[in-house]
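What follows is a set of notes on a single structure, which appears directly below.
All of the numbers you see were taken from the coordinates with simple rules; none came from a lab. Predicted, not measured: the structure shown is a model, and the values here were computed from it. Note that we place each Cβ from the backbone using ideal geometry, even for glycine, and neighbour counts take in every protein chain shown.
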Amino acid sequence: MTDLLFRPLTEQIDALAQRKVSPVELLELTFARIEATQGTLNAFSLVRDRDTVLAEARAAEERIAAGNARPLEGIPLGVKDLEDVEGLVTSHGSVPFKNHVAERDSVQVARLRAAGAIVVGKTNTPEFGYTAITKNLLFGASRNPWNPDRTPGGSSGGSAAAIAGGVVSLATGSDGGGSVRLPASFTGCFGHKPSFGRIPNESDLWIMNDTSVQGPITRTVADAALHLDLTVGPHPYDPNSLPHPGVSYREVLDDLPSGLRIGWSGDLGFAVVQSDIAEVAHEAMHFFEKGHHLEALAGGPPLLGREWGLVGGYDLLSSIAHLLPEHEDEFGRAFMKGMHAARKMTPEIWGQIRRGREALNRWCADVFDHFDLLLTPTIPFDPPPARGPFPEEVEGKPQPIAGVASFTIPFNLSWHPAATVRAGFSKAGLPVGMQIVGPRHRDDLVLQAARAFERERPWADHWPQ
């Protein structure tokens, strides 16, 4: 029955509904899997009290037996440790916040719990999600199920490790510069960064508030579509939250139009990509030649990696600056380097950043005036070691300032939806992702394209054991 833990979310839901397994049995399996993998993957930063969780599972079992099951009734849920669960610590992977107990659920968590999901714990994240390697001073480094010597990425690295490692089929993520797509790509999962505002995003600490979104990391595209169906729609806590799309993403998954104009870029004009990864991603994009018009994209957007980091750091500094006089030595060194850089923000620099984003927006407008979708690799290189560092060069060529997030940062700054699908494997036997980017607010089209690719090249039966 342990194999059930590696199955897609939708299949686990069906098994519960058909009473092939009970919520109590599924939660017992999940706790056993956490115990078996925590020493290797370190996916969780906190695990809830077993008796409390099993009591919730028994209540779910009663609802299923009575015919009152909700869409996620009895499904175990991992919550990224940047996101609040009432009564649990939200540490942000940071020592000064190790006892910070949340007073309420985040909007996303509240909606998933209202649909029947049962929180089993918090998944590990780098300090305040500030890097794409998941490690921190509180809980150490998370590791990649495909090769535990490597990182699962970040900042949703614990969630991705839990999904790929057969611990849970449902876990939350957030993406301020690639933090859903990067770990999803490194671990062979599906990761979707929704349009800005699609899932309400509210927090006492608005980290990267201008670029960050909540989004799913899952085993299949249908799993992600279901996650979105249950979490999208406006909320008064988030003034940027979008109206409900008026459609079920899961119901329209197989409705990809034919004859799409699809652009392709191997480097966006500045990325430095490992050659075998470039080959895998390039081969994968040829799938879309069938029934569509595929065209190489010339040039790329302005390189705004440094500007993106400065904006995110400045946002975060505004929330924690009052702690620094007494607690600076408790924060990680790399994190504090970013905070010190953020102190150099000036009106002149802010103006330069705004003008850079205006140029990016015009570039995106031109691209999506000509194309319906844009394809790129997701990440330029294989996952680095579990504790880093990132490579400063690839095959003798220096990495640009955007580095690991070269392909992801632009679409956080521009608010476009983007997803990563498993395109294949590198020479090192590690997953390679292909990114699919859509016009603003066209999450449906991105998911449809991802589903079409997945249907022809399924990956959900191949996970590291």
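DSSP finds beta bridges in the chain, and of those with both partners inside it, around 70 percent are antiparallel. Based on the alpha-carbon gyration tensor of region 381-465 and its eigenvalue square roots a ≥ b ≥ c, which shape applies: rounded if a/c is under 1.5, prolate if not and a/b is larger than b/c, or oblate? Here region 381-465 falls in the oblate category.
May I ask for the net charge around His462, where only other residues with Cβ less than 14 Å from the Cβ of His462 are counted and Lys, Arg are +1 while Asp, Glu are -1?
+1
Below 9 angstrom from the Cβ of Asp175, what's the summed charge of the other residues (Lys, Arg +1; Asp, Glu -1)? Net local charge, Asp175 excluded: +2. Sparse packing (at most 16 other Cβ atoms within 10 Å of the Cβ) combined with a DSSP loop state is found for the following trypsin sites (Lys or Arg not before Pro) in region 308-401: Arg343, Lys344, Arg387. Counting every other Cβ atom within 10 Å of each residue's Cβ, Tyr130, Tyr249 order from fewest to most as Tyr249, Tyr130.
Classification of region 2-231 by its C-alpha gyration tensor yields a rounded form. The axis ratio a/c (a ≥ b ≥ c) stays under 1.5. Each residue in Asp175, Asp81 was given a count of other beta-carbon atoms within 10 angstrom of its own, and listing them fewest first yields Asp175, Asp81. Here's the list of lysines a cross-link from Lys80 could span, going by alpha-carbon distance under 16 Å and ignoring same-chain residues fewer than 8 apart: Lys98, Lys122, Lys135, Lys193.
Close amide H contacts of Val119 (hydrogens built in the peptide plane, cut-off under 5 Å, sequence separation of 5 or more or a different chain): Leu77.
Summing +1 for each Lys or Arg and -1 for each Asp or Glu, what net charge is found among the other residues whose Cβ lies under 10 Å from the Cβ of Ala386?
+3
Farthest toward the positive end of the dipole of region 2-231, out of Pro71, Ala164, Leu228, is the Cα of Ala164, where the dipole comes from beta carbon charges about the Cα centre. Counted residue by residue at 0.36 nm each, then reduced by the alpha carbon distance between them, the extension gain from Asn68 to Glu86 reaches 4.0 nm.
Shape class of region 26-113 from the alpha-carbon gyration tensor: oblate, with a/c at 1.5 or above and b/c at least as large as a/b. Extension gain, Asn99 to Glu283, is 61.4 nm, computed as 0.36 nm per intervening residue step minus the present C-alpha separation. Centre-to-centre, using Cα atoms only, region 1-77 and region 389-454 are separated by 31 Å. How big is the gap, in Å, between the Cα center of region 175-198 and the Cα center of region 83-128? Using only Cα atoms to place each centre, the spacing works out to 19 Å.
Only helical DSSP H runs with n ≥ 4 go in: add -39500 (n - 2.57) per run for the chain, normalise by residue count and round the 222 nm mean residue ellipticity to 500 deg cm²/dmol. All intermediate terms of the calculation are to be shown ahead of the outcome.
Values: 14 runs with 162 residues, N = 465.
One gets -10500 deg cm²/dmol as the mean residue ellipticity at 222 nm.
For Phe270, Phe411, Phe139, Phe196, the sequence from fewest to most other C-beta atoms within 10 Å is Phe270, Phe139, Phe196, Phe411. With r as the distance between the Cβ atoms of Asp255 and Ala59 and R0 = 60 Å, compute the FRET efficiency 1/(1 + (r/R0)^6) and round to 0.05. That pair, Ala59 with Asp255, gives E of 0.95.
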